[in-house]
Structure formats: C-alpha cells, structure tokens
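The values are calculated or read from the model by the stated rules, or taken from the named source; none is laboratory data. Because the structure is a prediction, the values reported are computed rather than measured. With ideal geometry, Cβ positions are generated from the backbone for all residues, glycine too; neighbour counts draw on all protein chains shown. All accessible areas refer to the heavy atoms of the entire protein, side chains included, with ligands and DNA or RNA removed. Shrake-Rupley method; radii C 1.70, N 1.55, O 1.52, S 1.80 Å.
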Amino acid sequence: MSFQVVKNIDRRKRRSEKFAFGLFRALSIFVVGILFVILGFIVMKGASAISWKFLTTMPSEGMTGGGIYPAIIGTFCLIGGSVVFSFPIGVLAAIYMNEYASKGFLVSFIRMMTNNLAGIPSIVFGLFGISLFVNTLNFGDSILAGSLTLGLLTLPVIIRTTEEALKAVDDSFRNGSYALGATKLQTIRRVVLPIAYPNIITGLILSIGRISGETAPILFIVAYFTTKLPKSIYDQVMALPYHLYVLATSGTDMEKQRPIAYGTALVLIMIVLVINLMANALRRYFSNKVKMN
Amino acid sequence: MNKKFLNKLFEKLIEGVITLSGGITSLAVILIVIFLFKEGFGLFGRSTLQDDMVLAVNKSNPLSRIKAANVKAIFDQDVTNWKQIGGKNDSIIIVRIEDIPNYFKESQLGANFENLAPCINHLTDSLSGVILFVPKKYITSSFKGKVLPEEKVGLVDFFTGKEWYPTAVPDSRFGVLPLILGTLWVSFGAILFALPLGLAVAIYLAEIADSRIRRMLKPLIELLSGIPSVIYGFFGLVVLVPLIQSIFNLPVGETALAGSIILGIMALPTIITIAEDAMRTTPRAMKEASLALGATRWQTIYRIVIPYSISGITAAAILGIGRAIGETMAVLMVTGNAGVMPHTFLQPIRTIPATIAAELGESAQGGIHYQALFVLGCVLFVLTLLINLGVEYVSSKRKI
Amino acid sequence: MAKIETRDVNLYYGDFHALKDISMKMEENTVTALIGPSGCGKSTYLRLFNRMNDLIDNVKIEGEVLVDDEDIYRKGLNVDELRIKVGMVFQKPNPFPKSVFENVAYGLRVNGIKDKHVIEETVVSSLKHAALWDEVRDKLHKSAFELSGGQQQRLCIARALAISPSIVLMDEPASALDPISTAKIEELIHDLKKDYTIVIVTHNMQQAGRVSDFTGFFYMGELIEFGRTVDIFTSPKKHQTENYITGRFG
Ligand SMILES: Nc1ncnc2c1ncn2[C@@H]1O[C@H](COP(=O)(O)OP(=O)(O)O)[C@@H](O)[C@H]1O
Ligand SMILES: [Mg+2]
C-alpha cells in the first residue's frame, strides 16, 4: 500500500447524522402539526355552529344570527362563472403551447408571461378587476365582474396543469395517429385529449379550490351583505371568504358573530378539503388505470 | 367536396382560436399593466389639496408657500406659531369654512350666506396670523389675502415620504415608505423562520423519508397551500394575536410578528415544494459516489446535494418572499395596519396589499386617494415582477 | 485467504430475483472481470461489496459476503469503515460540482481529516497514482467539470484512491469514454493491480481479456462460469459462455 491516512474511523459523523435526521424529522412533524392544529381548531370550534339551517338560511339580526346561505350560493356562482371563462381558454392556451407553437422564443415568452401572471398578487387582480370589468366595461359589482377577475387569476393554474397533462402523453400516440392520416386537430381531439383529460380535470378541480378561497381579488366586487339571491350575472352576491373576513373583523357584535365566523370558516375549509381529496383520489385512480393498461 | 372544404375551414377556424388563446396570459399581463398605470398615472403632479379648495394667508405673511407636511402639522395643531416653520413670530389662527360664523353675525353673512365671500376677504385681511381653508369659489378677484400655491404629489416625495394620511384635511399625505418597509419587514420576518423550516422539511422529504412517508406527507403539505388565506388570517386573529399579546405583555397583539408567523406558514408549501424538487434533481450517481467514499447521508446532503441544488433552493426562497409580499387578507387581519415606520416585530405594521384592501372601498373612483392606491398596486406589481425575473434568472443560471 | 468471497448469495429487488446462488472468490492483488449481457446482474453483484444496494428500498439479500474474511452484512458492521476499505468507480464519470482538488480531498474531509498538509499530500499523490497529475497540476482549483470525460473518470479514480482503499470496484469505467481515454484507464488498471484488488464490470470482451486475471460470466442472475481469464477466453467449459464470447448473442 502506498499510503494510509484514514486510520481512525470518525464516529462523530454518525452522531451528527443521527442528530440532523432527528431534527429534520421533528421539524417535518412540526410543520404537519401546524396544519392539524389549524384544521383541528376550526373543526372543533365550527362544528357546533353548523347545521342544515345554518347552511340554508339568510343571515339575520345584523349578521349576529341566521345562516350563510347567500354566501354559499354566491361562492358557487363565482366558481361557476370563472370556470366557464378560464377553463376553455386555459386548456386551449395549453394546447397551443404544447401542440402548436414551435419551441423557441415565443413559447418561452408565453411561459414567462404565464409565470408572471401567476406571480401577480391577488390584490392587484382586485385593482385590475375594478378598473376594467367594473368601471370601464361597466359590469358593475356583479357576478360577471367577479368571475372574470377570479378566472384570470386561475388561468395560470389551468394552463400549467393542462400543459403537464399534455406533455405526459407519449409522442408515439401522436405519431401513430399521424401515420393513419389524421390531421393535427383530429389527433389532438381523438388521441391526445382522451389520454390527458384526467389530469386536466385534476387541474380544474384544484383551480376551483383556489377560486373558492380567494378574497382579495373580489374584495371590492362582492356584497358585504345581501339577502337577495342572484337572478342574473349582473347581480351582486356575497362570498364565503369575504363573509368570514367581515364576520371576523367588523360588524355590530363580535361576541355573537364569533360562532358564525367559526362555522363559516369550517364550511370554507370543508370545501377546500373535499376538493383536495377529490383531486388526489382522481389522480390516484387514473394513474392506477394507466398502470393496468 | 363541399363538405371537405367546410371541414377544412372549420379546422382552420379552431386552430385560429387555439392560437389566439395562446396569447391570453400575455394579453392579461399587458392589460393589467395598462389599467394599473392608467388609473394611477394621474396621481403625480396632482394637487394634494382637496378638490376645489384653497389655502390662503394674510398678505403680510412672509411665507409664499407651505409644504404639505407643514400644512398637516398646522391643522393637527402640532405647529401653533408661524416662526416654527420659518415665518414671523405670530401665533397661527386656523379658519375653516365652518369656523366663519364664529367671526360674524348672521346678519353680516346674510340669510343664505350670500355675503360669505366678502366676509372671508375681510377676515383674511384683518387677522395677520390667519391660515384659511375654504372653497375656491369664495376667492374673488378683489381678494386681499395671499392664496398659497398648491402642493403637488411628487415622485420623490411619494417614495421617500414617511407619512401615509390619504384622507387628511386639508392636505392629504402620500408617503409610501412606511408601507414599502412594512411589507418588506413582515416578509423578511416570515422568510426568516419559513426558510430554515421549509428547507428542513424539503431535505427530509427529498433525502431522508422513505417513499411511504413521503407519499403521506406530500398531500398534507399541498393541503397547507390550499387553505384560503382568509382562514389563516382568521386563525391568526383568534389564536395567534391573543397569544402574542399575552406572551409579550403588549397593549395589542396585532403585530408584525403575528403577520410574519402567519405569512411564514403560508410560504412554507412554496418553499418546501420547490426546494424538494430542486434537491431531487441531484444525480443519483453523485450521491452514490459520495456515500461510496464513506460519507454519511447527512454529509452527502450538505456537501453535495445542497450545493448542487442551490439555485433551486434560492428560487424557492425568492418565491417564498414573493408569496409573502403579495399576500393580502392574512396580513390585513393580524398586523394591526398602523402606517408607521417599522422598528421592531412587536409593533403594528401596515403592508401595501393590506393598505389597498382596507382603503380602496372608501376611496372615490378617480379621486387622488383612488389613484394613489393604484400606484401602490403598480409598486406591488413591479416588486413581484422583479421577484419573478429574479427567479427566472437564478434558475436559468444552473450552476456548472 | 481470499480478499473477497461470496457464498450462495441471493438478491431480490422486491419480487425480482436478481442474483441466484452466486459463490465466488477473488484473490488479493488480482483483477477480476465480470462480464455478461446487460441486465444480468453484474452491477448488482459488484455493489454488494460496498453495500451500495442498501440504499435501494425493498432489497433482500441472502447468503454471505466476506471481505478480508469478515461478513460485511453482519449486524453492527461499520459501513463507513467498509466503504473506506472498498473504493468504487462508476460507469459514467461523476465528479462532484467542486474543484479538482476538492473532489479528491472529499473522501478525506468526510472522514474527519483536517490536517492541511496531509490532505494536500494525499491529493497530489492520488492524482499521480491515477496518472492525472501532469494534466491537472495547473487546474487544481478549476471546476472538475472543465476536464475532459477521460480526465474526469481518472479524477474519479484518484478520488477513490485518496482514502487508500485496498479494493477498487469499477462498474464499466470506460464505457462512456473514447478509445484513447479507454486505453489510458486500462493501463492504469494494470498499474494499480500491485497495490489493490480490483473487480471490474465490463461489457467489452477485449477489455476483459486485456486487463483481467480472472473472469466471471453472468447470465440472467446466475454465475455461469468463473475461472482464469485465459481459460475462459480460450477454452470455455459452457457453451453459453462460448456463444457470448464469440459474439453469437448478447
Ligand atoms: N433498483 C432496482 N430495482 C429493481 N430492479 C432493479 C434495480 N436495479 C437493477 N434492477 C434489475 O436487476 C437486474 C440486474 O441489473 P444490473 O445489476 O444493473 O445489471 P447489469 O449491470 O448486469 O446490466 C436487471 O434486470 C435490472 O432491471
Ligand atoms: Mg450495469
């Protein structure tokens, strides 16, 4: 042997590894703990407030009593409205980026813009919505204006997930279709989309989760309080997250409002939770199916 | 034949729609820029005085202009003598339009205040220490006092001013420095604890946990990012704020600290996900080479994996900060919203997004306050744009 | 006494039976080549000796693996100690994203050696040992990625030698290199033989013939034939070996 330097086995490094790994494990448990503390707290406090009546009656007594029915309805209106707008355009945009545009400057530019759009703070969307939809286009404080604002906000989510779904479709499928003489559009419609659609739907569900919880963009558009249910897209509605904000920070009687606020928070959390579970289940279901094929 | 042609036409049409859709995000970004700047643009050069009002002083007053900050000090009665702001030694008499009846009899003013203008004229002329704040229409051509030139909102003042009193009378003050610093302060605090914590979890997920635990943890982390910010704000308000108040024995618990903690929690999923993805790109062969040399997994992590994925980790940190800077509802609910310069974490603070959220509702469309809030939006937009470009730059600069 | 010995080793990746009853002995200061078609288990077998397979989930190992007559899979064995004794060079050059110097010094540092002079001396002598010194003496503090592929691979060999192993495992060390670099590596292996016991995986018959004293032929997780390289190449006992060597399948 020419030289021999490592004679003593360094035992400290094992000890520091043990320590570091223990620490990281503990911190990870801590982070998950935060989640459970928040969820647990809201569930515990909110459970007693929730009843069928709570979900289906109007707020009353200056929001110190009654239910949250109009806020629930309003939130679903906003979800519906924004999805109708952002889902088709988002999917088409992703199709353009993944299937049509030649890789190069244009695509990286669009991707950069999409990233930028995703990075814009939601309150800025709120300003934009007020300026363009409410004032310039004169939609007023309406479902339409709120939906368009929220739709814009979720566009990047839909585009990204759709793009990923399309990317996951192996090129051999496309080539096989072309070989049979199909046009590009036919290939996309009959081959690519059917394979990619579960993941696209997952993206859609996630974006619904995002819409249902966003407050800042519609802060100036949705109603503080109304007992009228919307009849058209030009009507104003309440929304769950904003309602929670109002209940938590302003109003006539904080003491009496608190239980209602907890109940509203729980309903909101349930919606998000259910949506997340759905997306996960869908993802798992379809990935199993792909494996089986 | 005809049908084939129609089909072809239809196909072209659809492809046109697809192509147009491709530009939607670019269009959206451009529109956002245009509309933010359009609404906010008129702010600079605009008078900070209330519309259709004037400030006037006695003719003998040596001051030919008074800075808006001093006007505010005068009307807040922080300044009571002209010499305090460089005039002669004379105590200041503030006269607002509603004060006029104190100086004149009803008969002098006229039954329908038709003699208001001459009365104002007279008052200004007779009181040497007067400062007058009245509607413009009462200043006639025979006015014997001195109308002060209006202060305009200047770019420099806007960004270096330390006072944000958008609705102060007579002169509103638009100094965004405390708001910008407040935003950065809270975000800085958030990242201070979210970054180490997030990296620890990312390392755990990427390198330590076995796949079963990873598959369990990942959805939970995703869920953390799915919780609406208003819920975080609510939780902060009812749990964290009272806790901070009692621990530190403060008059109010709504503090920068509360904001930082909540923002930190909200930034965690971003940091964890991106940092973990970055660490996962470390080639297996490189890690194996390290282990084969007798390094422990921990040594491999901090000597190989972290240096290798440092650009991704940096991107995670920057995006985490970006998330914190733009967050509105949670900070609005827990930071107390006092527009003062930040000194500690135990004081109330006000951020840019919270300011917009709190004030836009009560500002008149097209008014100076409204415009100022849109300029704040522009500031926020530029901040986040810089952050995005920073991320783009960092991740394009993959080391070696 | 054999330097390395395996007795009836079986290895499973989950349900997949990757190594089947492998028994083999390798003597000190010899070069043993492992050959066989791709996927037959050569790398898996090689990675037994420094317990690299431990890192993979769901691996089950049966039988005995002895290094210096010590069962390296026994409970309480210090894996660090084993890996210092058993160096490894990988298929593709995989230098760390560090300078040339730090690459070689890495093994010393992680094993707790801090003495600057010792580190410097060892780095230089390892680079000389790996026949790389003359080419990199001016680039010691440049990034290792600036070296050519062949130089990178010799750097990886120097890196392995720096912690003075007595065994060096090489998994197709020249497969990603050009012929000239390959020749240099082969020459190097020849020189290293007097100080180290070398086990090399290769799919290149000529290479096995040139560098090794003993050859084991693997097929579908089984050791078909093992013996002196000259014998295997001139008079294989099994017709599968013969077919493989003459290129009739593979
Ligand atoms: N981590 C692993 N998990 C599951 N199977 C593996 C793994 N690594 C290798 N295998 C399988 O074990 C067999 C032997 O692999 P390997 O030892 O790499 O072959 P060789 O090096 O001879 O080409 C192959 O069939 C391979 O697919
Ligand atoms: Mg192999």
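Residues are listed down the side, and each one gets a yes or a no for (1) crowded, with 20+ Cβ neighbours inside 10 Å; (2) at the interface with another protein chain (Cβ under 7 Å from one of its Cβ atoms); (3) under 28 Å from the mean Cα position of the chain (by Cα):
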site: B:Ile180; (1), (2), (3): no, no, yes
site: B:Leu197; (1), (2), (3): yes, yes, yes
site: B:Ala202; (1), (2), (3): yes, no, no
site: B:Ile244; (1), (2), (3): yes, no, yes
site: B:Asn249; (1), (2), (3): no, no, no
site: B:Val252; (1), (2), (3): no, no, yes
site: B:Ile271; (1), (2), (3): yes, no, yes
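I want to confirm something. Restricting to the stretch B:95-152 and keeping residues that are free of Cβ contacts under 8 Å to residues at least 24 places away in the same chain and charged (D, E, K, R), which single residue is least open to solvent (accessible area, probe 1.4 Å)? Selected residue: B:Asp99. Scanning the stretch B:279-299 for residues that are surrounded by 20 or more Cβ atoms within 10 Å (Cβ to Cβ) and touching a residue at least 60 places away in the same chain (Cβ under 8 Å) yields one hit, B:Met279.
For (1) at negative phi; (2) within 13 Å of chain B (Cβ to nearest Cβ); (3) open to solvent by 10 Å² or more (accessible area, probe 1.4 Å), each residue gets a yes or a no:
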residue: A:Leu27; (1), (2), (3): yes, yes, yes
residue: A:Phe41; (1), (2), (3): yes, yes, yes
residue: A:Met44; (1), (2), (3): yes, yes, yes
residue: A:Phe54; (1), (2), (3): yes, no, yes
residue: A:Thr57; (1), (2), (3): yes, no, yes
residue: A:Tyr69; (1), (2), (3): yes, no, yes
residue: A:Ile73; (1), (2), (3): yes, no, yes
residue: A:Val91; (1), (2), (3): yes, yes, yes
residue: A:Ser131; (1), (2), (3): yes, yes, no
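Restricting attention to the stretch B:287-313 and to residues that are at the interface with chain C (Cβ under 7 Å from one of its Cβ atoms) and over 17 Å from B:Ile208 (Cβ atoms), the residue that is nearest to the chain's Cα centre (by Cα) turns out to be B:Pro307.
Of the strands (runs of 3 or more DSSP E) lying entirely inside the stretch C:6-121, those containing at least 1 residues that are farther than 26 Å from B:Val305 by Cα, open to solvent by 30 Å² or more (accessible area, probe 1.4 Å) and out of contact with any His (no Cβ under 7 Å at 6 or more places or on another chain) span C:16-26, C:59-67. Restricting attention to the stretch C:197-214, does a residue exist that is within 19 Å of C:Gly87 (Cβ to Cβ) and surrounded by fewer than 15 Cβ atoms within 10 Å (Cβ to Cβ)? No, every residue in the stretch C:197-214 fails to be within 19 Å of C:Gly87 (Cβ to Cβ) and surrounded by fewer than 15 Cβ atoms within 10 Å (Cβ to Cβ).
One residue stands out in the stretch B:11-20 among those that are at the interface with chain A (Cβ under 7 Å from one of its Cβ atoms) and open to solvent by 10 Å² or more (accessible area, probe 1.4 Å): the one that is nearest to A:Asn135 (Cα to Cα), namely B:Val17.
Pairs meeting the criteria (first residue in the stretch C:155-183 and part of a helix (DSSP H, G or I), second residue within 16 Å of ligand 2 (Cβ to nearest atom), beta carbons under 6 Å, at least 6 apart or on different chains) are C:Cys156/C:Val89; C:Cys156/C:Pro93; C:Ile157/C:Val89; C:Ala160/C:Val89; C:Thr182/C:Ala174. Among residues of the stretch C:30-47 that are away from chain B (no Cβ under 14 Å) and within 9 Å of ligand 2 (Cβ to nearest atom), those with a beta-carbon under 6 Å from a residue that is outside any loop (DSSP other than H, G, I, E, B) and β-branched (Val, Ile, Thr) at least six positions away or on a different chain give the pairs C:Lys42/C:Val201.
Let's see how each residue does on (1) out of contact with any strand residue (DSSP E or B) (no Cβ under 8 Å at 6 or more places or on another chain); (2) within 13 Å of ligand 1 (Cβ to nearest atom):
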site: C:Ser38; (1), (2): yes, yes
site: C:Thr44; (1), (2): no, yes
site: C:Asp54; (1), (2): yes, yes
site: C:Gly63; (1), (2): no, no
site: C:Asp71; (1), (2): no, no
site: C:Val79; (1), (2): yes, no
site: C:Arg83; (1), (2): yes, no
site: C:Phe90; (1), (2): no, yes
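Of the residues making up the stretch C:10-29, those that are within 16 Å of ligand 2 (Cβ to nearest atom) and under 17 Å from C:Leu223 (Cβ atoms) number 4. Applying the criterion of at least 1 residues that are closer than 22 Å to B:Gly189 by Cα to the helices (runs of 4 or more DSSP H) found wholly in the stretch B:284-337 leaves B:310-326, B:329-334. Of the numbered criteria (1) surrounded by fewer than 24 Cβ atoms within 10 Å (Cβ to Cβ); (2) of a type in the set (Gly, Ala, Ser); (3) at the interface with another protein chain (Cβ under 10 Å from one of its Cβ atoms); (4) touching a Gly at 6+ places or on another chain (Cβ under 9 Å), the one B:Ser225 fails is (4).
All conditions but one from (1) over 24 Å from B:Ile301 (Cα atoms); (2) within 16 Å of ligand 2 (Cβ to nearest atom); (3) touching a residue at least 24 places away in the same chain (Cβ under 8 Å) apply to C:Gln91; the one that does not is (1).
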